[in-house]
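The structure under discussion appears below in the form of structure tokens.
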Amino acid sequence: MTEGTEPELPSLLASADAADQAKRLQRVTERLSESHTPQEVLDAILTEGLRAAEARADAIGIVTDDGEFIELLAQRGYEGPVMEEWARFPVADDLPMSYVVRTGEPLFLATREERNDLFPNLANRGDGHALAVLPLTLEGRLKGVLGL
């Protein structure tokens, strides 16, 4: 931008989007800092985290003490019997949450095709197009995963 000219519309929109996203993330941290119980933490993550990420659904899975299974602790936005079908599944399964538990690294998939290439057993399942799965760690130990 040169002196005396108006800012370009795309740059103004990008700034507004960044400010809006920062406000949403700030709300997540506010809700987490106000949380006093595990249920309040879950509610903060599932409600405010969903909004902050502009996701349609999210779920939290906890790794069992023996490290062999992931138990779905809570979810928001999924239709049908998600809690029943995915209540408990092996870390060894070929699933996004399992992959993140095994690697300890976040997983970001931009398209359904990318998801289906990495996890063929999920082809023809769900209508989502993008997926993010993040490891949840406590004191350097992976305790669970958050899927958006």
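Data overview
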read-out: Alpha-carbon Debye profile of segment 76-148, log10 I(q)/I(0) at 0.19, 0.21 Å⁻¹; value: -0.83, -1.02
read-out: Mean accessible surface per residue for segment 69-144, computed with a 1.4 Å probe while every protein chain stays in place, in Å²; value: 64
read-out: Rg(Cα) / (2.2 N^0.38 Å) computed for segment 53-100, rounded to two decimals; value: 1.15
read-out: Carbon plus sulfur fraction of accessible area for segment 70-114, probe 1.4 Å, in percent; value: 53
read-out: Integer Hz, Karplus 6.51/-1.76/1.60 couplings in order for segment 55-65, x for Gly and Pro; value: 8, 8, 7, 8, 8, 10, x, 10, 7, 5, 4
read-out: Neighbourhood net charge (14 Å Cβ-Cβ; Lys/Arg +1, Asp/Glu -1) for Ala92; value: -2
read-out: Modelled FRET efficiency - R0 22 Å, Asp93 with Glu114, Cβ distances, 0.05 increments; value: 0.75
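The values are calculated or read from the model by the stated rules, or taken from the named source; none is laboratory data. These figures come from a predicted structure and were not determined experimentally. Note that we place each Cβ from the backbone using ideal geometry, even for glycine, and neighbour counts take in every protein chain shown. We work out accessible area using only protein heavy atoms, side chains counted, and drop any ligands, DNA or RNA first. Shrake-Rupley method; radii C 1.70, N 1.55, O 1.52, S 1.80 Å.
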